[in-house]
Amino acid sequence: MRILLIYPEYPDTFWSFKHALKFIRRRAALPPVGLLTIGAMLPKEWPKKVVDLNVTKLTKKDLAWADCAFIGGMVVQKESARKVIARCKQAGLKIVAGGPLFTSELDEFEDVDHFVLNEAELTLPLFLADLEKGCAKHIYETSEFCDIRRTPAPMWELIDLKHYASMGIQFSRGCPFNCEFCNVTALFGHRSRIKTAEQIIAELDGLYNIGWRGPVFFVDDNFIGNKAYLKAHLLPALIQWQKGKRQIPFNTEASVNLADDEPLMQMLVKAGFDTVFIGIETPNEESLAECNKKQNKNRNLLESVKRMQRAGLQVTGGFIVGFDSDTPSIFQRQIEFIQESGIVTAMVGLLNAPPGTGLYARMREEGRLIGLMSGDNVDGTTNILPKMGLDALREGYKNMMHHLYSPEHYYERVMTFLREYKRPKVRNPLDFQRLLALLRSSIRLGIFGKERFQYWKIFFWTIFRRPQLFALTITFAIYGHHFRRICKSINIQ
Ligand code: B12
């Protein structure tokens, strides 16, 4: 069987980083780790080809070559997935679909021959066994969660590394918390399941040996779900691994209680972590109680962010407006919090109810569910009727995004951050590509950009006051350009 592993295209969204990637001549932020893992689980003798539509096109030649298409992706890729499925169907390929999009919304896709849902470690072997016997079923699903110590390393050799800005590695799945709006526990469970330190080192070696020297994102739901193992095994192994080679910057996602553990933060930084995404959600205590975000309650969230920044971790954050407890004052409160925190990359979205979550069930019960979510949580849409009223929520949201991403306030935030941030331990040296990005940004943003005044101000401020953070400042300038383009394209500027 010749297999095409197809990853549908993302729309132009906050996280696509499309407008920023152009500056470093990369086509996508990350490769499709899930599909590459599927590649490693399929029989070795089957020839495989990855078509990531974010970096390349699906050609007639690809379709003519293959016998079967394996398609995976997230809800945000739904439209592209539909088109891909139609083309594969027309070309007469067998279609197998899996991953978060199909696990959450399988009823939306009629032309798929086999749904291999949930964690493929459990469902794919059943499908393959039935396929061999000639009796493959339409749907394979499970409510169990697998032991990821048996998950094979992704088949990196199937992609062209040079198209990507970063690589993804997964250490754990699942999250011990239970936030009402989050589908992580529905998809991956409550218990943090981990790989071994040896597995992670082998995966990193694999990447290093095929020439990867850029950043690596640990794509965990909550990297600090098992602190004891991190401290005793994984982080010491990573610290050791970085020694004697060109160091690789790491980043990940974690819960805010990371700020309470100074030794853990120190170890993370020593191991090469420079950025961490935190679900902050809201400074409104009642909203935190409403969505059961216990770990964020009864703490000074602003101080927690500062502690992480001072330790040497850049904090990127997720924020939500539209909780039942939110009143119209929430927009100003969020703006003040985000500006003061110096969280430059602040992903703010309307509260949405993903299928499988407690919120989805509650909204359905209360008759407030108005369809499926778009999958892009920064497009100003929601699938629930908010207590505040949809118009008031959208209007407040638009104004908030406009404020946060205007050059004046965006650069002000960058400055707040640069003042607080401790210089990271592991730095990516300036290479030719990054020098070109600097040149491109000076022309595009410094001469033609609306932000030119702020650009040069921070450019010289950094050179004189925090020269070690100069590369980071330019990266922020480029991100700012991307975020403003996104705000414009979704008509909220
Ligand atoms: C890395 C990541 C990203 C990267 C994307 C990288 C990329 N190229 O794919 C970035 C940062 C860009 C991103 C962005 C977003 N993401 Co994201 N992301 C993740 C994350 C943390 C890890 C994904 C991963 O690589 N996992 C490792 C691999 C091994 O696991 P996997 O992909 O799930 O694959 C397994 C199974 O799903 C299955 N499988 C996967 N594909 C296929 C295909 C076939 C054919 C089969 C049979 C099986 C199968 O088998 C694999 C082995 O078990 C997940 C959370 C998570 N734990 O998965 C969220 C997650 C996928 N993201 C999600 C969302 C909502 C988003 C955003 C909308 C915003 C947000 N809240 O983060 C944006 C939208 C993207 C955009 N461009 O607009 C949701 C998706 C929900 C859904 N039902 O679609 C998830 C599940 C997190 C969550 N609960 O909110 N994301």
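Laboratory data are not the source of any read-out in this text; all were calculated from the coordinates shown. None of these values were measured; they are calculated from a predicted model. Note that we place each Cβ from the backbone using ideal geometry, even for glycine, and neighbour counts take in every protein chain shown.
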Assuming 0.36 nm per residue, please report the length gained on full extension of the stretch residue 408 to residue 239 beyond their Cα-Cα distance. 56.9 nm
For each cysteine in the chain, check whether another cysteine's C-beta sits under 4.7 Å from its C-beta; list those where none does. 68, 88, 135, 146, 175, 291, 487
At 25 °C and 0.890 mPa s, the Stokes-Einstein diffusion coefficient in µm²/s for the range 1-100, with hydrodynamic radius from the Kirkwood sum on alpha carbon pairs, is 175
Given the chain, report the % of alpha carbon pairs whose separation exceeds 29 Å. 51
Alpha-carbon spread of the range 213-286, three principal axes, descending order, Å: 49, 26, 18
For the range 83-206 the translational diffusion coefficient, Stokes-Einstein from a Kirkwood Rh over Cα pairs at 37 °C and viscosity 0.692 mPa s, in µm²/s, is roughly 196
Under 5 Å between amide hydrogens, which residues at least 5 positions from residue 74 or on another chain qualify, with H placed 1.01 Å from N in the peptide plane? 101
Counting all Cα-Cα pairs in the range 170-276, those more than 24 Å apart amount in percent to 22
Dimensions (Å) - the range 189-236, Cα atoms, principal axes, largest first: 35, 20, 14
Once you put a point 7 Å from the Cα of residue 292 and another 7 Å from the Cα of residue 213, both along the Cβ direction, what distance in nm separates them? 4.8
Take the range 313-400, drop everything but the C-alpha atoms, weight them equally and run the Debye formula without solvent; then report log10 I(q)/I(0) at 0.14, 0.21, 0.25, 0.26 Å⁻¹ to two decimals. -0.50, -1.02, -1.28, -1.34
Per DSSP H run of at least 4 residues, take -39500 (n - 2.57); add these up for the chain, divide by its residues and hand me the 222 nm value, nearest 500 deg cm²/dmol. -12500 deg cm²/dmol
What is the extension gain from residue 150 to residue 327, computed as 0.36 nm multiplied by their sequence separation minus the C-alpha to C-alpha distance, in nm to one decimal? 59.0 nm
Filter the trypsin sites (Lys or Arg not before Pro) in the range 85-191 down to the DSSP loop ones having no more than 16 other Cβ atoms within 10 Å, then list what survives. 137, 191
Assuming R0 = 45 Å, can you tell me the calculated FRET efficiency for the pair residue 89 and residue 435, based on Cβ-Cβ distance, to the nearest 0.05? 0.45
Pulled fully out, how much extra length does the chain show between residue 202 and residue 139, if you take 0.36 nm times their separation in residues and subtract their Cα-Cα distance? 19.3 nm
Can you give me the orientation-averaged projected area of the convex hull built on the Cα atoms of the range 90-156, in nm²? 5.9
Bins of 5 Å, starting at 0 and running to the largest distance - Cα pair percent for the range 328-487: 1, 8, 15, 16, 15, 13, 10, 8, 7, 4, 1, 0
